[in-house]
Amino acid sequence: DAKTTQPPSMDCAEGRAANLPCNHSTISGNEYVYWYRQIHSQGPQYIIHGLKNNETNEMASLIITEDRKSSTLILPHATLRDTAVYYCIVRVLSGGSNYKLTFGKGTLLTVNP
Amino acid sequence: DSGVTQTPKHLITATGQRVTLRCSPRSGDLSVYWYQQSLDQGLQFLIQYYNGEERAKGNILERFSAQQFPDLHSELNLSSLELGDSALYFCASSVAAGGGTEAFFGQGTRLTVV
């Protein structure tokens, strides 16, 4: 799986959009970008994933650059409950049974009132 | 609630002892993954089982072992415990095999070795 680079920490004001960047310059053509978050010692929670098109769900939007070397996770209206460590992971999505995730250090997002 | 159940939530034991952590995956999920999270190592993949068979191994110590039973629940056995084994242990499950694009994590078992 390709390596990712994320800033160690970011701050965001409550109610504003939080934009979390991720660099994955060595990503392969068959690797997807996944985002998970972990709220203080709880189990990681899936947020969103994408291959090359932008994706949106009820939690967030994922913007992937055209060359796929970087992406941004957008939380449109951050709340205090969004304070967490956010992990960007790239991995192959195959029809097989191996969905092992390789977590890096992630970005600690702190949402301030 | 992810649908993945881990027991116990907390465990305190002495060095040299053996413990068993249990995981019940989401209904219908065939794959179970075990992860260890310690303060200095982050989330580390330990091992994966799919429908009862071991599928992938990560940084799992020889003192640790796991299995997945016919009803798909899984157990992680940790023996000859050392202080450094103190960590959060997470179980995750996914549909795998042709379906499922995300893994669902349980709330973890916090193991403290004293």
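The values are calculated or read from the model by the stated rules, or taken from the named source; none is laboratory data. Just so you know, these numbers come straight off a predicted model, no measurement behind them. Backbone-built Cβ (ideal geometry, glycine too); neighbour counts: all protein chains shown. To get the accessible areas, we keep the full protein, side chains included, count just its heavy atoms, and leave off ligands, DNA and RNA. Shrake-Rupley method; radii C 1.70, N 1.55, O 1.52, S 1.80 Å.
Summary table
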| read-out | value |
| --- | --- |
| Heavy-atom accessible area ranking, 1.4 Å probe, most first, across B:19, B:95 | B:95, B:19 |
| Reach of residue A:100 by Cα under 16 Å, taken over aspartates and glutamates that are not fewer than 8 positions away in the same chain | A:1, A:31, B:29, B:53, B:54, B:102 |
| Charge context of residue B:93, other residues only, Cβ under 9 angstrom, K/R +1, D/E -1 | 0 |
| Under the Karplus curve 6.51 cos²θ - 1.76 cosθ + 1.60, θ = phi - 60°, whole-Hz ³J(HN,Hα) for region A:86-92, x wherever Gly or Pro sits | 10, 10, 9, 10, 10, 7, 6 |
| Inter-chain shielding of A:36-44 (mean C-beta neighbours from other protein chains, 10 Å cut-off) | 5 |
| Cα point-scatterer Debye curve for chain A, base-10 log of I(q)/I(0) at q = 0.16, 0.19, 0.22 Å⁻¹ | -0.68, -0.95, -1.25 |
| Rounded to the nearest 10 Å², the accessible area of residue B:40 at probe 1.4 Å | 120 |
| Probe 1.4 Å, all protein chains present, accessible-area order of B:10, A:40, largest first | A:40, B:10 |
| Solvent accessible area, Å² - residue A:61, 1.4 Å probe, full protein context | 30 |
| Linear extension gain, residue B:13 paired with residue B:41, 0.36 nm per residue minus alpha-carbon span | 8.0 nm |
| Eligible lysines near residue A:69 by straight Cα distance, threshold 16 Å, same-chain separation 8 or greater | A:3, A:52 |
| In nm, spacing of pseudo-spin labels at residue A:112 and residue A:69 (7 Å Cα→C-beta vector) | 3.3 |
| Neighbour-limited loop hits for trypsin sites (Lys or Arg not before Pro), region B:8-47 (at most 14 other Cβ within 10 Å; DSSP other than H, G, I, E, B) | B:9, B:18 |
| Label-point separation, residue A:26 to residue B:53 (7 Å along Cα→Cβ), nm | 3.1 |
